[in-house]
Amino acid sequence: MVENMTRPKPQKSDLAKLLNQTEAQVAFNKPWELRIFSLAVAASEAGLFEWSAIQEALTDAIRQSEDAGVDTSKSSPGYYTHLMTALEVVLVRSGLLEAEGIDARARDILSHPPHKNHVAKYEPITVDQGAR
Amino acid sequence: MSKVNLSHTPHTDEEIAARVKALEAVLIEKGLMSEAGVNRFAEIYENEVGPQLGSKVVAEAWINPEFKARLLDNATDACRELGIGGLQGEHMIALENTKDVHNVVVCSLCSCYPWPVLGLPPNWYKSMAYRARITREPRACLKEDFGLELPDSVEIRVWDSNSELRYWMLPRRPDGTDGMNKEELAALVTRDSLIGTGLAKTPPA
């Protein structure tokens, strides 16, 4: 018993911890992740840029973030954020987009949440009484 | 290459989602692409492509030695025979896992993956933890992280996929599968066995 208590437990690696998380076993966790990915593929297929340009910018974004230090036991939460950065970088570089325009548009979307003016109503909004 | 400064870095999930919407809206308004185009790819990558396609290819190779030879010679062309191909599958190499050599794939820099046969990679495949450990100590990684203990006599080879060239594995056909049909065999092929971090399932006795 004493031996068991003193023997250090084998340390689980960061990867082993990660593999136990459900979210690590899927490709997308949030709707916007699938959307940014599909947007990048569609833009490439529409001929706006070569996919390799995205890959290069993505690799740069990942490297910068990892050089800055990340918690490797977490499921790379920034992956699709990096992809978004990569897409923006490629589009701005090729002159198809101004970063400021996106900033303004994103602020606009944030200040008008879709349901802000659509409050819950507990009565019918239209009634056609019919002929009685 | 010119340095691009993005003036705003979104942080919360809500901010990121709004920025994705903004990007899409601006590209569509400029007439550079259509919403239908984005919807089509979202549908394909959410529902249509996945490891079930790679499993079909493997089952065919297990049953048909001539197809297997063609697959190992040129995976892209062999997959096309089965109607499987597309983006990020332009140049694929399938490697055979045997009792002597076990192959496993990583993309050491980002997330390169053969979409037509495997769909989109799981999050762990893209993690720094996987990319670092499978590269540095594959035997320990397979054993401790994936629970795949290979005999010491087995050579382990780690392959690095990139944007031009994507690897995936032809797992060993499990024992006790003689006489099984293609559908039954395909059901034994797992995503991890195609990556090389696992083996094909053995059929229930």
Point to revise | Residues of region B:104-124 classified as facing chain A (nearest Cβ under 7 Å), open to solvent by less than 10 Å² (accessible area, probe 1.4 Å) and farther than 20 Å from residue B:56 by Cα, total | key: 3
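Looking only at region B:75-91, which residues are β-branched (Val, Ile, Thr) and either closer than 17 Å to residue B:52 by Cβ or touching a residue at least 40 places away in the same chain (Cβ under 8 Å) (or both)?
Residues of region B:75-91 that are β-branched (Val, Ile, Thr), as a first pass: B:76, B:84.
The answer is B:84, and nothing else.
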Review point. Of all residues in region B:62-82, which are open to solvent by 70 Å² or more (accessible area, probe 1.4 Å) and of a type outside the set (A, V, I, L, M, F, W, C)?
Key: B:65, B:66, B:70, B:73, B:77, B:80, B:81
**Study point:** Top-ranked residue of region A:84-100 - restricted to ones that are more than 7 Å from chain B (Cβ to nearest Cβ) and surrounded by fewer than 23 Cβ atoms within 10 Å (Cβ to Cβ), ranked as modelled with the lowest pLDDT
**Key:** A:98
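Okay, residues lined up against (1) over 26 Å from the mean Cα position of the chain (by Cα); (2) in a helix (DSSP H, G or I):
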{"position": "B:15", "(1), (2)": "yes, yes"}
{"position": "B:31", "(1), (2)": "yes, no"}
{"position": "B:38", "(1), (2)": "no, yes"}
{"position": "B:53", "(1), (2)": "no, yes"}
{"position": "B:70", "(1), (2)": "no, yes"}
{"position": "B:77", "(1), (2)": "no, yes"}
Exercise for review: Check A:50, A:23 and return the single one that is open to solvent by 20 Å² or more (accessible area, probe 1.4 Å), over 17 Å from the mean Cα position of the chain (by Cα) and either modelled with pLDDT under 85 or of a type in the set (Asp, Glu) (or both).
Suggested key: A:50
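Report yes if residue B:65 is under 29 Å from residue B:178 (Cα atoms) and within 14 Å of another protein chain (Cβ to nearest Cβ), otherwise no. Before you say what the answer is, go through the steps one by one.
Values: under 29 Å from residue B:178 (Cα atoms): yes; within 14 Å of another protein chain (Cβ to nearest Cβ): no.
Criteria not met by residue B:65.
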Exercise for review: Among the residues of region B:137-158, count how many are away from chain A (no Cβ under 11 Å), of a type outside the set (Ser, Thr, Tyr) and open to solvent by 70 Å² or more (accessible area, probe 1.4 Å).
Suggested key: 6
Practice item. Filter region B:159-182 down to the residues that are within 14 Å of chain A (Cβ to nearest Cβ) and among the charged types (D, E, K, R), then identify the one that is least open to solvent (accessible area, probe 1.4 Å). Key: B:166
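The values are calculated or read from the model by the stated rules, or taken from the named source; none is laboratory data. For clarity, every value in this text was computed on a predicted model and none was experimentally measured. Ideal geometry is used to build each Cβ from the backbone, glycine not excepted, and the neighbour counts take in all protein chains shown. To get the accessible areas, we keep the full protein, side chains included, count just its heavy atoms, and leave off ligands, DNA and RNA. Shrake-Rupley method; radii C 1.70, N 1.55, O 1.52, S 1.80 Å.
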